[in-house]
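Written out below as structure tokens is the structure these notes cover.
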Amino acid sequence: MAYDYQPFDYVPPPGLTAPEGKKPVVIVGAGPIGLAMAIELAGQGVASVVLDDNNVVSVGSRAICWSKRSLEIFDRLGIAGKALDKGVTWQVGRTFHRDQEVFNFDLLPEAGHKMPAFINLQQYYVEQFLVERAQEIPLIDLRFKNKVVGIDPGAAGAILDIETPDGPYALEASYVLACDGARSPIRGMLGLEFEGEVFEERFLIADIEMEADFPSERHFWFEPEFHAGQSALLHKQPDNIYRIDLQLGWDANPEHEMQPEVVIPRIVKVVGHDAFRLDWVSVYTFQCRRLAEFVHGPVIFVGDSAHVVSPFGARGGNGGLQDVDNLGWKLAAVLDGRAGERLLASYGRERGFGADENIANSARATKFMTPGDGVERMFRDQVLHLAGTTSFARGWVNSGRLSRPCIYPLAAPDDPTLPPGARPGAVAPDAPLANGWLMNHLGHEPVLLALGRAAPQEAPCRVLELPATAEIQQRYLGEAESALYLIRPDQVIAARWTDAEAGALADAFRMMWEGA
């Protein structure tokens, strides 16, 4: 079933007839990151205007793999139910060398989590669900067919020049969030360049519609018989759509490779028949690049406008949502005077760290999948050979390390005797509670978790006291009988103690708002 692309209504903006007042936030780009950003800010009480030069969702599946952390963010934004209902849930990946399985993994081997490890869901559905949610929120002003053609940043904000079907107008904002993608026009207008590496390799993406019984798993092949000497990836999506990625080589001509008469015979070799419909085709080049700085005065870059990675590992869209997660509460605090610009600077520092981690993982995967001649290829080939018979080599097989949130290097109070998976800088692990899920009790405001004990009387924020259930014991306490955890509004652990006085709690609370 082909997706039904319905245009969103264009409404003439008020700025065409009279100057508009200064906006606290203008978001450029109504893709998943821009829409999520607007909804996250609205949850913090911040109004925004979202500008997009188009009036339909993205064409083609594009980003399809949404991680557990992204689903937790979607839950906070109000679209997780729709995404889970529509998406294909999976947690197992299998890697093959030729026709032999050499490695497999389970991304969520333990029970007791609300969200699955991953779902596959085409980007156009994610955008549709986010637009529908945004349209329900009065604090969000969605403006389609509003193209930003100029920007003039200053000390107190920025002025945007915008073109519409009815003419131009200007809009002033305290902050402009550039969520306008990898080719970011805003980045170009400011004369900013990416730094990093472009790999000399091309891959074909083909979405096909067919009836099939492939399992809901990630399958990756090195040197399969159906695509000799190259690599291939298969993912199942909703609506009987399957994503197939095929390595082409640097010398491949993208325009030629996208022609149906070229694509279809390649797909026939993969699936073994021609009973399918070609839905979407693209050719891409691997890139692992980023801006040196994400915050440029009143202009802040979010998602692909700030950093791009190769798609293997699903670190693009998921990394962008982690940008949203990190920035929303910080920008809201600065706008309402609870915090200063130092907290905004911590967005660039923390998400720069996350981008570097994603780039490093993506670059390593790319070099393993497309090794250079000599030592790189010899190493790759020997690892694949050993992985077929020797367990120690299987963990070296790299077809893309799947996205998970980074652990920020916070200078925060910590008791290292508590479990390492719940240390400061990590996302708070979810756990089942008597009245739902822990993650649903966190977010939008700081929370002090008092686990297996009462909270101190002078807590600096909202307190959540919980008994030491089996999952809480495993994920938060380890061998300890009780603990205190300070959780940031983005559900990241800010500090933890087995015991602490009110003064220590207050100091950690202050450090959190200062972006320390």
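In table form, for the structure just shown:
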quantity	calculated
Hits in segment 497-516 - residues which are part of a loop (DSSP other than H, G, I, E, B) and either under 32 Å from the mean Cα position of the chain (by Cα) or farther than 12 Å from Ala455 by Cα (or both)	Gly515, Ala516
Looking only at segment 209-225, and only at residues there that are of a type in the set (Asp, Glu) and part of a loop (DSSP other than H, G, I, E, B), the one that is surrounded by the most Cβ atoms within 10 Å (Cβ to Cβ)	Glu223
Every residue from segment 249-292 that is among the aliphatic types (A, V, I, L, M), assigned to a strand (DSSP E or B) and under 27 Å from the mean Cα position of the chain (by Cα)	Val281, Val283
Segment 431-460: number of residues that are in contact with a Phe, Trp or Tyr (Cβ under 6 Å, 6 or more places away or on another chain) and closer than 22 Å to Ala480 by Cα	2
Neighbours by Cβ (under 6 Å, 6+ apart or cross-chain): first from segment 11-22, more than 12 Å from Val49 (Cα to Cα); second open to solvent by 70 Å² or more (accessible area, probe 1.4 Å) and charged (D, E, K, R)	Pro12/Asp166; Leu16/Asp166
Subset of segment 302-317 (residues that are outside any loop (DSSP other than H, G, I, E, B) and open to solvent by 20 Å² or more (accessible area, probe 1.4 Å))	Asp304, Gly316, Gly317
Meets criteria (open to solvent by less than 10 Å² (accessible area, probe 1.4 Å), at pLDDT 95 or above, on the phi < 0 side of the Ramachandran plot and assigned to a strand (DSSP E or B)) for Leu246	yes
In segment 226-243, residue surrounded by the fewest Cβ atoms within 10 Å (Cβ to Cβ) [restricted to those that are out of contact with any helix residue (DSSP H, G or I) (no Cβ under 9 Å at 6 or more places or on another chain) and aliphatic (A, V, I, L, M)]	Ala228
Hits in segment 168-193 (condition: open to solvent by less than 30 Å² (accessible area, probe 1.4 Å) and not in a strand (DSSP E or B))	Cys179, Gly181, Ser184, Ile186, Arg187
Segment 18-46: number of residues that are over 20 Å from the mean Cα position of the chain (by Cα) and of a type in the set (Gly, Ala, Ser)	3
Flag if Trp66 is open to solvent by less than 20 Å² (accessible area, probe 1.4 Å) and touching a helix residue (DSSP H, G or I) at 6+ places or on another chain (Cβ under 9 Å)	yes
Some residue of segment 480-487 being open to solvent by less than 10 Å² (accessible area, probe 1.4 Å), within 21 Å of the chain's Cα centre (by Cα) and under 24 Å from Leu41 (Cβ atoms)	yes
Whichever residue in segment 385-430 is of a type in the set (Phe, Trp, Tyr) and closer than 22 Å to Ala314 by Cα and, among such residues, is least open to solvent (accessible area, probe 1.4 Å)	Tyr408
Matching residues, segment 343-384, being of a type in the set (Lys, Arg) and at pLDDT below 95	Arg364, Lys367, Arg377, Arg380
Residue list for segment 198-208, filter: open to solvent by 30 Å² or more (accessible area, probe 1.4 Å) and either more than 22 Å from Val383 (Cβ to Cβ) or not in a strand (DSSP E or B) (or both)	Val198, Arg202
Filtered residues of segment 440-460 (kept if in contact with a strand residue (DSSP E or B) (Cβ under 9 Å, 6 or more places away or on another chain), crowded, with 16+ Cβ neighbours inside 10 Å and touching a residue at least 40 places away in the same chain (Cβ under 8 Å))	Leu442, Gly443, Pro446, Val447, Leu448, Pro456, Ala459, Pro460
Only one of Val271, Val283, Val324, Val309 that is touching a Cys at 6+ places or on another chain (Cβ under 6 Å), of a type outside the set (Gly, Ala, Ser) and within 27 Å of Ala365 (Cβ to Cβ)	Val309
Single residue of Arg349, Arg342, Arg377, Arg364 found to be under 21 Å from Gln491 (Cβ atoms), surrounded by fewer than 21 Cβ atoms within 10 Å (Cβ to Cβ) and of a type outside the set (A, V, I, L, M)	Arg349
Scan of segment 495-510 for residues that are open to solvent by 10 Å² or more (accessible area, probe 1.4 Å) and touching a strand residue (DSSP E or B) at 6+ places or on another chain (Cβ under 8 Å), ordered by number	Trp497, Thr498, Asp499, Ala500, Ala504, Phe509
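Every residue, every condition in (1) under 25 Å from Asp239 (Cβ atoms); (2) at pLDDT below 95; (3) among the charged types (D, E, K, R); (4) touching a Ser or Thr at 6+ places or on another chain (Cβ under 6 Å), yes or no:
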site	(1), (2), (3), (4)
Ala38	no, no, no, yes
Ser48	no, no, no, no
Leu71	yes, no, no, no
Trp90	yes, yes, no, yes
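Conditions (1) closer than 30 Å to Gly167 by Cβ; (2) within 20 Å of the chain's Cα centre (by Cα), marked per residue:
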| residue | (1), (2) |
| --- | --- |
| Leu16 | yes, no |
| Ser48 | yes, no |
| Ala63 | no, yes |
| Gly112 | no, no |
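The values are calculated or read from the model by the stated rules, or taken from the named source; none is laboratory data. Values in this document were obtained by computation on a predicted structure and should not be read as measured data. Cβ atoms come from the backbone with ideal geometry, glycine included; neighbour counts cover every protein chain shown. Just so you know, the surface numbers come from the protein's heavy atoms only, side chains and all, with ligands and any DNA or RNA stripped out. Shrake-Rupley method; radii C 1.70, N 1.55, O 1.52, S 1.80 Å.
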